[in-house]
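The next block holds one structure in the form of structure tokens; read it before the comments.
The values are calculated or read from the model by the stated rules, or taken from the named source; none is laboratory data. Keep in mind it's a predicted model, so treat the numbers as computed, not measured. Because the Cβ atoms are built from the backbone with ideal geometry, glycine has one as well, and the counts that use them run over all protein chains shown. Accessible surface areas use protein heavy atoms only, side chains included; no ligands, DNA or RNA. Shrake-Rupley method; radii C 1.70, N 1.55, O 1.52, S 1.80 Å.
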Amino acid sequence: DILTIEKKRIAYLVYNSFKESAYNLLSVFKTFKQEKVQELILDLRYNSGGYTATAVYLASLIYTPPDDKTVFCTLKYIHKEEIEYVNYTPSRSLNLKRIFIITTKETASASELLINCLKPYIQVIQIGSTTSGKPVGSNMNDQKIRDYEMNLISFKVINANGVSDYYNGLIPDCPAEDDLSKALGDPEEDSLKQALNYIKTGQCLETKQSKTKKN
């Protein structure tokens, strides 16, 4: 969706899985660019992860690095002395200075990688609740035991500032509920309402969660 708040064009995108194919994202962001959006609210509340390459591709549609050698994140392998530097993918991005990302405890893995690894480059305002806490990943292999495929944890994710080990999850800047009484994209849905209010006022709305923390 594209919402308009006080003449400001705001893109709202729900993305539920970092699938192997990300070409559908290109057409969506092309539309956002044509519509001259000024803000992006990325809803990852039900996104438990997927392919690292897709997360990097999405990051490259959000932000344009100063050069093609800019390191988006580092993958430090656990069982061997090997480090893989993951660069941004060249693309015509929205080149945003900040992004709003909605999260819940179901937000994990590649979703957390995207949040953590964007932070050194643009302002990330996290809305919702604390994420799952999975700063590690695995490489697909073909080994199977009966009907099960084994994917052992093989690397740790580190952002450009050296931040990793968020095993307790990434904590939101503005707490909000996952409001199941309203449809995704409804401006009155609690998490989206929180993001839209921040865009308007630069402040978080007081919620049940924030009141509990104060008490």
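Quick rundown of the values:
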read-out: Cut-off under 5 Å, modelled amide H: who pairs with GLN126 long-range; value: ILE101, ASP173, CYS174
read-out: Shape call, region 145-200: gyration tensor on alpha carbons, a/c limit 1.5; value: oblate
read-out: Estimated vicinal HN-Hα couplings, Hz - region 75-81 in sequence order (Karplus 6.51, -1.76, 1.60; Gly, Pro = x); value: 9, 9, 6, 7, 9, 8, 7
read-out: The chain - share of DSSP beta bridges that are antiparallel (%, nearest 5); value: 55
read-out: Amide H contacts of CYS73 (H built 1.01 Å from N, under 5 Å, at least 5 apart or other chain); value: VAL86
read-out: At R0 = 22 Å, FRET efficiency that the Cβ-Cβ distance of ASN95 and LEU152 yields, to 0.05; value: 0.05
read-out: Cut-off under 5 Å, modelled amide H: who pairs with VAL14 long-range; value: ASP43
read-out: Mean ellipticity per residue at 222 nm, deg cm²/dmol - from DSSP H runs of n ≥ 4 across the chain, formula -39500 (n - 2.57); value: -7000 deg cm²/dmol
read-out: For LYS134, solvent-accessible area (1.4 Å; no DNA, RNA or ligand), Å²; value: 70
read-out: For region 71-139: rounded, prolate or oblate by the Cα gyration tensor [a/c cutoff 1.5]; value: oblate
read-out: Residue-by-residue Karplus 3J(HN,Hα) for region 118-130, coefficients 6.51, -1.76, 1.60, Hz, glycine and proline x; value: 7, 4, x, 10, 9, 6, 10, 9, 8, 10, x, 10, 4
read-out: Residue with peak Gaussian network fluctuation, the chain [Cα springs, cutoff 10 Å], from LYS156, LYS33, LYS200; value: LYS200
read-out: Exposure ranking of TYR148, TYR51 by accessible area [1.4 Å probe, largest first]; value: TYR148, TYR51
read-out: Karplus-derived HN-Hα couplings along region 175-188 (A = 6.51, B = -1.76, C = 1.60, θ = phi - 60°), whole Hz, x at Gly and Pro; value: x, 7, 7, 7, 7, 6, 7, 10, 6, 4, x, 6, x, 8
read-out: With all protein chains modelled, accessible area of LEU180 [1.4 Å, Å²]; value: 140
